[in-house]
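Following: one structure in structure tokens, then a few remarks.
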2 protein chains.
Amino acid sequence: MIPPVNPSISVDCVIFGFDGKDLMVLLIDFTRSQTAEGKIVEKSSRKLPGSLILENEEIDVAANRTLVELTGLNQVYLRQFGVFSDPRRINSEEDLQWIEKAYGVKVSRIVTITYYALVKIDKSILQPTSEGEVQWHRVQDIRSLAFDHKHILVKALEVLTQQLLNEPIAFELLQKRFSIRQLQNLYEAILGFEIDNRNFRKKVLKLPFLKQLEEKEKEVAHKPARLYKFDKAAYEKEVKRSRLQLNFIRFF
Amino acid sequence: MIPPVNPSISVDCVIFGFDGKDLMVLLIDFTRSQTAEGKIVEKSSRKLPGSLILENEEIDVAANRTLVELTGLNQVYLRQFGVFSDPRRINSEEDLQWIEKAYGVKVSRIVTITYYALVKIDKSILQPTSEGEVQWHRVQDIRSLAFDHKHILVKALEVLTQQLLNEPIAFELLQKRFSIRQLQNLYEAILGFEIDNRNFRKKVLKLPFLKQLEEKEKEVAHKPARLYKFDKAAYEKEVKRSRLQLNFIRFF
DNA sequence: ACAAAAGTGTTCTCGGTACACCCATGC
DNA sequence: GCATGGGTGTACCGAGAACACTTTTGT
């Protein structure tokens with residue numbers, strides 16, 4: 001038996017990855033066709049992965065379900081960042097019909113709760129979906145998306161940037177072991193400006209939760225970089241220890 | 001004609017005020033009674049102001065509507081900060097019946113989008129509601145609330161604290177004209193620790209959006225304090241001007 | 001030996017912190 | 001004149017910013 005779906009609440013996930021150079025996002029290609037007035041209307045575009053929620057399902061769980069179905073990854077960083085509720089956010093007849101067909105329920109207005117996920121690209125194994133093909137796209141190349149998904153993406157990027165400056169989430173996008181340069185590249189890609197390498201190293205090497213490993217890069221045609229890992233336990237400990245200070249009041 | 005209500009989505013508002021000494025929150029007293037198995041069950045408690053949303057109503061608008069109905073205040077600071085979606089968050093029969101009676105619709109599971117508002121206490125004129133009496137309460141005195149509202153309040157406080165450290169929202173809680181000491185009291189009340197007065201003054205007086213006024217306090221039995229106001233336009237300008245720097249990466 | 005990226009140190013400036021006394025007013 | 005809270009300055013320290021050359025590896 002199919003569990004009942006709530007026809008007015010959905011989740012949409014902005015799934016970010018990092019390929020060493022650019023910030024990437026996972027999108028689904030899909031095509032809607034509608035027969036209206038004897039003519040067949042076809043529209044092709046891309047959308048963010050998402051799903052209506054089940055009755056009796058917590059929203060976080062729905063977001064995680066969407067993520068697992070798509071990437072095969074469980075236990076990844078997932079953060080709720082917004083609610084999109086414009087009554088006209090799904091405004092075309094063929095879009096509504098496509099959703100009704102996909103879920104087998106009558107829908108009208110849908111409020112969506114949005115999440116962004118941070119995944120290690122190399123670990124993700126993209127699963128085929130009934131909606132359409134799933135692919136990674138460079139964020140900077142994306143021009144338009146279906147529904148109000150472009151709008152959602154823009155908001156996700158804003159929140160991601162803020163988050164990156166205040167919490168150690170960069171490590172969720174990198175492989176377990178990484179070089180300082182890779183970390184810097186990630187910051188530069190997301191923040192959109194260059195950072196002085198010496199100052200960056202000085203700053204991050206002082207962090208108590210960045211652990212140097214014995215291993216080095218191999219088979220590279222230059223001096224091999226030292227590898228590091230993120231020690232989550234050390235981070236949690238440090239956060240608890242640190243007291244709030246005046247220092248923390250910063251308005252810009 | 002009553003506009004149709006969406007029975008599965010609501011907003012709840014945590015309305016904060018500051019009385020010069022303590023952080024306050026606006027709560028509604030309400031009583032549910034239910035006749036079950038011949039017995040009358042009565043429960044009295046307090047709840048956050050909230051409302052089911054209307055179909056065709058944006059969530060932000062619903063939150064604002066709730067706020068206006070209650071305080072008579074429009075155009076106050078209002079910020080969405082969470083979504084509470086545990087399918088069992090409204091778990092008692094009398095709570096469900098009370099909601100159904102209040103809105104005249106059949107409800108089962110409700111997902112709530114939560115907002116916090118910052119208001120100037122002296123400007124608010126509490127409106128009587130059909131739900132029950134509305135009153136300001138000191139945040140630190142609150143022991144328990146109906147539904148999962150205590151949980152919501154705790155989350156609101158966390159977000160408020162973070163916000164206070166990163167954005168100039170303190171001024172939303174103070175009167176238009178205020179003294180540095182009042183501002184400091186507000187920070188101390190919310191952050192929960194004492195701040196050195198000389199250092200605090202030095203810090204805030206350097207802010208380009210804090211404008212000194214000619215007026216001073218009057219009729220106080222001590223040296224009258226200078227008054228200041230928050231210049232929003234100057235703040236916006238400053239934010240645009242300031243560039244992101246490495247400086248901004250702070251993990252604790 | 002050369003190409004390519006890793007890694008390293010110093011000086012300057014600014015902002016945070018700790019800390020104790022005089023000032024203006026009402027009564 | 002005294003009680004009350006407002007308002008002020010200095011010395012120390014740590015972190016960010018600017019800036020250019022040497023090191024290690026593969027080919």
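Bear in mind these aren't lab numbers, they're just calculated from the coordinates by the rules spelled out. This structure is a prediction, so every number in the text was calculated from the model and none was measured. Methodologically, a virtual Cβ is constructed for each residue, glycine included, from the backbone with ideal geometry; neighbour enumeration extends over all protein chains shown.
Remarks
- Across the copies of the chain, B:V68 has label points (7 Å from Cα along Cα→Cβ) spaced 4.4 nm apart, shortest distance listed first.
- Value of [θ]222 nm, deg cm²/dmol, for chain B, DSSP H segments ≥ 4, -39500 (n - 2.57) each, nearest 500: -9000 deg cm²/dmol
- Annotation: the range A:22-93 has a Kirkwood hydrodynamic radius of 15.1 angstrom, from the mean reciprocal C-alpha pair distance.
- Taking Cβ atoms as reference points and 13 Å as the exclusive limit, the residues near B:H137 contribute a net charge of 0, counting Lys and Arg as +1 and Asp and Glu as -1.
- Rounded, prolate or oblate (a/c below 1.5 giving rounded, otherwise prolate when a/b exceeds b/c) for the range B:7-61 by Cα gyration tensor: oblate
- Cα→Cβ-extended label distance, 7 Å offset, between B:Q127 and B:E158, nm: 3.3
- Within-11-Å neighbourhood charge of A:D122 [Cβ basis; K, R +1; D, E -1]: +2
- If you take the Cα centroid of the range B:16-95 and the Cα centroid of the range B:185-220, the two points sit 33 Å apart.
- Equivalent-ellipsoid semi-axes of the protein assembly as shown, from the Cα gyration tensor, Å, largest first: 39, 37, 21
- Summed side-chain charge close to A:L23 - residues other than A:L23 whose Cβ falls under 12 Å, Lys, Arg +1, Asp, Glu -1: -2
- Using a 7 Å Cα-to-Cβ projection, A:R241 label spacings across copies, nm, ascending: 3.9
- Estimated translational D of the range B:5-164 in µm²/s (Stokes, Kirkwood radius over Cα pairs; 37 °C; 0.692 mPa s): 203
- Mean projected area in nm² (Cα convex hull; one quarter of hull surface) for the range B:169-242: 5.8
- Calculated label separations, B:H151, copies of the chain, 7 Å along the beta-carbon direction, nm: 3.0
- Peptide-level mean, for A:81-88, of C-beta atoms on other protein chains within 10 Å: 5
- Largest first, the extents of the alpha carbon coordinates of the range B:70-112 on the three principal axes equal 36, 22, 14 Å.
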